[in-house]
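The values are calculated or read from the model by the stated rules, or taken from the named source; none is laboratory data. The shown structure was predicted, so the numbers you read here are calculated from the model rather than taken from an experiment. Backbone-built Cβ (ideal geometry, glycine too); neighbour counts: all protein chains shown. Protein only, heavy atoms only, side chains kept; ligands, DNA and RNA dropped before computing areas. Shrake-Rupley method; radii C 1.70, N 1.55, O 1.52, S 1.80 Å.
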Amino acid sequence: MPRWFTQLRLIARSIFRKSSLDRELDEELQYHLQRELDVRMNAGLTPEEAHFAAWRAMGAMAQSMEECRHVRRVNLVDDFLQDIRYAAFSLRRNPLVSALIVLIMALGIGANTAVFGVINAVLLKPLPYSGADRIVTLSTRDFVTGDINPLVTIANYRDWRDQNSSFEAMATYRGGEYPVTSGSVAEYTQTVTVDIAFFRVFGVEPVIGRTFIPEEMVPGSQAVVISYAYWQTRLGGDPRVLERTVRVGNDPRPIVGVMPAGFRFPRQTDIWAPERTRSTSRTGHNLFAVGRLKPGVSLERAQADLNTIAARLEQQYPASNKGRGVVAAPLQDELVRDVRLTLYLLWGVVAVVLLIACANTATLLLGKAMARTREIAVRTALGASRSRIIRQLVTESLLLALIAGAAGIVLAYWGVYLLAALTPSEAVRLTEIRIDGVVLSFTMAVSIAATVLFGLVPALHASKVDLTGVIKQAGRSMHGRRMVRTRGMLVVSEIALSVVLVTGAGLLIKSLIALHNVELGFKPGNVLVMKATGVHDRKENDAFFRSTMSRIASLPGVVAVGATSIPPGDLSNAGSGSYFIDWLPEQRERTVNPEALFTIVAPGIFEALGIPLKSGRDFNERDTGDSPLVAIVNEALVRKSFGNEDPIGRTIFCTFDRKDPMTIVGVVGDVRQRNPALAPMPECYMPYTQHSYNNATLYIVTRTAGDPSPLARPVLRIAAEISPNAAASVTTMEAEVSKKADAPRFRALLFAVLAVFAVCLAMAGVYGVIAYAVGQRTSEIGLRIALGASPGSVLQLVLGQGLVLAGIGLALGLAAAIASTRLLTTVLFQVQPHDIPVYVSVAILLALVTLLASYVPARRASRIDPMAALRQE
């Protein structure tokens, strides 16, 4: 039988059969004692002489029993309980130090638990779908540029679906916010049109009714499936929901099914409608695609299958598919792609904070251990082994860590909600963030790991006791110097780790400032944006927008009013495609055609947004469907296609809603349409009265003389008066622009907060080391002062010790920061990971803070009374 198994069995018996083991040991020792008595009695000794002889032969009965108990692991539970009781007594004896240790560790453990709770919910936990690991997204790969477009063309998708042998089901979807009426008022609701196999891909069945049938996947079908949340909140959980209809836009649609609670893909979808397109386009990328792999089919095999199909399509349709392929990726990876790096960076930061907290706690425990030198020496003299003393001290650390872990869980409960509120809006699965069994297990593991990190070093250090030195009181200086060196190394590590965090925070803050200061190309201040959707034909919708803008323009404080299909920063309804200057070729090679954003606007939009008109003219009321088609382009398009030539009067063709030529009548400044961190794209503006595409929804932009918020109600009221069935919602342009900086703001804020916390811990460690060193050198400093040393020289002496710690910590920290800040490259804007001003600023900041932390004990040292110090010795 293996030795480890025997040891484990003995430990188990000591826990569950302790009383029977004690009885067995007592009976065994009594048996051996009786045998010794019998031997002595047979040798002719009297009973009294035989009794004493047997005792002498057996040795100390108590010691023998203890040795047997130790061998058989009977003492294991008793020793542990005794250690726990003594640890609790020791903590109560120093309540302030114990409370400080618990607070520091609770913050470190709580922060790690909260962040792990978010990471577990968003990144690690499987998606709540049947066979979620077999669900993949399908995207278009451009081998010419290396780009991956998440959108696919309908014709290519149909070929992938029909020709593959690896997928159980494939489906497409697309959508956004549409006006939906379930009562008397239209509300913008997340609405998605889907392929018939969409719900099969996710392995989900409705709780009421059914999903779509083939007869409903044709033009003219009006069926919809609704989410459980929409059923409960908008329809009151009506059990006769299948007899009801909702109006999507201007179309009444019967409800045929209700999906189970929790299923709202993509994002927070409430309405699913059948995708009824009959398009055969291989150039229009306007659909998202997902698929479910067959059981046993790997992602690599499916990708090879798709590659074969893509190669075949490239040969069959070179004009549209040359250099194009398809990429299959796990759905979960694609959903969290935008926040994965941010969350892992945050996890790394809080892990560093925990290391700093452990180092800080270790310095506190070292100081506490120094005060117990004589106690440990006495225990050693009475026979306690070094391992027994280490176990006692580690048990005290474990008790502290468990208390801190419990407090950390309480902090984590608050922290996860705070993180969920601060996490960028593009993050998914935020509603699933909670403290569950997995997170609690993580907390327990972190608490135990923290015990090793901050408890083992003080225990090993304190267990090295020079009995002779302690008894003679001569070991104090040697033990104190060793203590100062050990605590100094811990503080150096704290400073080094703090430098890494402060440097990262500095880079992110500088990047955020650059992002806020970037030239957007428009002026978001004092701008109100109303999204409005008409519900009639084109002429009535045109009249609705014209009347609405006219009445808004007459409101007090309004400076300018316009409308656009794509407000800056929101490309959810954006149209884009190829454009051509002066002529439209018969054969269009997609690899050489320039592309631009196509934006439908109303007159006055450039003044309302503050976009400068560089040359030519703005649109006006005469630019109608009966007049020649006109367009306005931005400077990025001019640079790309005209160079130094004047574009005014030239002709542009856009692959948009019509192929007719448009005369360029104006040039406007560039706008950062996608994101403040991304360069402007070529853009072509067209008047909404000349183009029918997306004419039902426009964003009415109103520039005001002051705060635009008070105009929100009047603007909504005007839209409702002109068309009671029209849907409308308002926001400010500043709020929309601010959303684009949510992710960098989130990173910078949390890095900064955690960096400040780390610096505070490091400086507390510096203070503790310097104060302890001054205490150890009290007599020496007193003697220096008695021999004529000035307070300034003493101050300089002590501050020098702090600067030495800071210098070593800064050197190590800056080296670590140079190596680690490369991880921030992809999240920095106009800032390099090795930004010299940031590194210099961090070095100066940490040096100054270290001096400040060292100044108080240094000032105390300079005021030592030499006579009192010498008398103390």
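Residue-wise test of (1) at pLDDT 65 or above; (2) within 21 Å of Leu846 (Cβ to Cβ); (3) open to solvent by 10 Å² or more (accessible area, probe 1.4 Å).
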residue: Phe454; (1), (2), (3): yes, no, no
residue: Ala462; (1), (2), (3): no, no, no
residue: Gln473; (1), (2), (3): no, no, yes
residue: Arg476; (1), (2), (3): no, no, yes
residue: Arg481; (1), (2), (3): no, no, yes
residue: Ile495; (1), (2), (3): yes, yes, no
residue: Val502; (1), (2), (3): yes, yes, yes
residue: Leu507; (1), (2), (3): yes, yes, no
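Of the helices (runs of 4 or more DSSP H) lying entirely inside region 726-840, those containing at least 1 residues that are at pLDDT 85 or above span 733-739, 742-776, 791-820. Could you tell me how many of the residues in region 105-130 are open to solvent by 10 Å² or more (accessible area, probe 1.4 Å) and either under 16 Å from Ser447 (Cβ atoms) or part of a helix (DSSP H, G or I) (or both)? Qualifying residue count for the region: 6. Asp133 meets the conditions (1) modelled with pLDDT of 85 or more; (2) buried (at least 18 other Cβ atoms within 10 Å of the Cβ) in every case but one. The failed one is (2).
On the basis of being part of a helix (DSSP H, G or I) and under 28 Å from Asp251 (Cα atoms), does Phe199 make the cut? Yes, satisfied. Restricting attention to region 522-566 and to residues that are of a type in the set (Gly, Ala, Ser) and in contact with a Leu (Cβ under 9 Å, 6 or more places away or on another chain), the residue that is most open to solvent (accessible area, probe 1.4 Å) turns out to be Gly557. Hey, could you check region 707-725 for residues that are in a loop (DSSP other than H, G, I, E, B) and closer than 20 Å to Gly525 by Cα and say which is most open to solvent (accessible area, probe 1.4 Å)? Looking at residues that are in a loop (DSSP other than H, G, I, E, B) and closer than 20 Å to Gly525 by Cα, I get Asp707. Here Val715, Val701 are screened, and the one residue that is in contact with a Ser or Thr (Cβ under 9 Å, 6 or more places away or on another chain) and closer than 23 Å to Pro676 by Cα is Val701. Residue check, Arg253 against (1) over 33 Å from the mean Cα position of the chain (by Cα); (2) within 25 Å of Asp159 (Cβ to Cβ), all met but one. Which one? Unmet condition: (2). Just one residue in the set Ala50, Ala43 is open to solvent by 60 Å² or more (accessible area, probe 1.4 Å) and modelled with pLDDT of 60 or more; that residue is Ala43. Applying the condition of being touching a Lys or Arg at 6+ places or on another chain (Cβ under 8 Å) and at pLDDT 90 or above to region 166-186 and asking which residue is most open to solvent (accessible area, probe 1.4 Å) yields Glu168. Scanning region 278-314 for residues that are open to solvent by 50 Å² or more (accessible area, probe 1.4 Å) and under 26 Å from Ser576 (Cα atoms), we see that the one that is modelled with the lowest pLDDT is Thr283.
Would you please name the residue that is modelled with the highest pLDDT, looking only at residues in region 686-706 that are more than 22 Å from Val559 (Cα to Cα) and open to solvent by 10 Å² or more (accessible area, probe 1.4 Å)? So the residue we want is Thr689.
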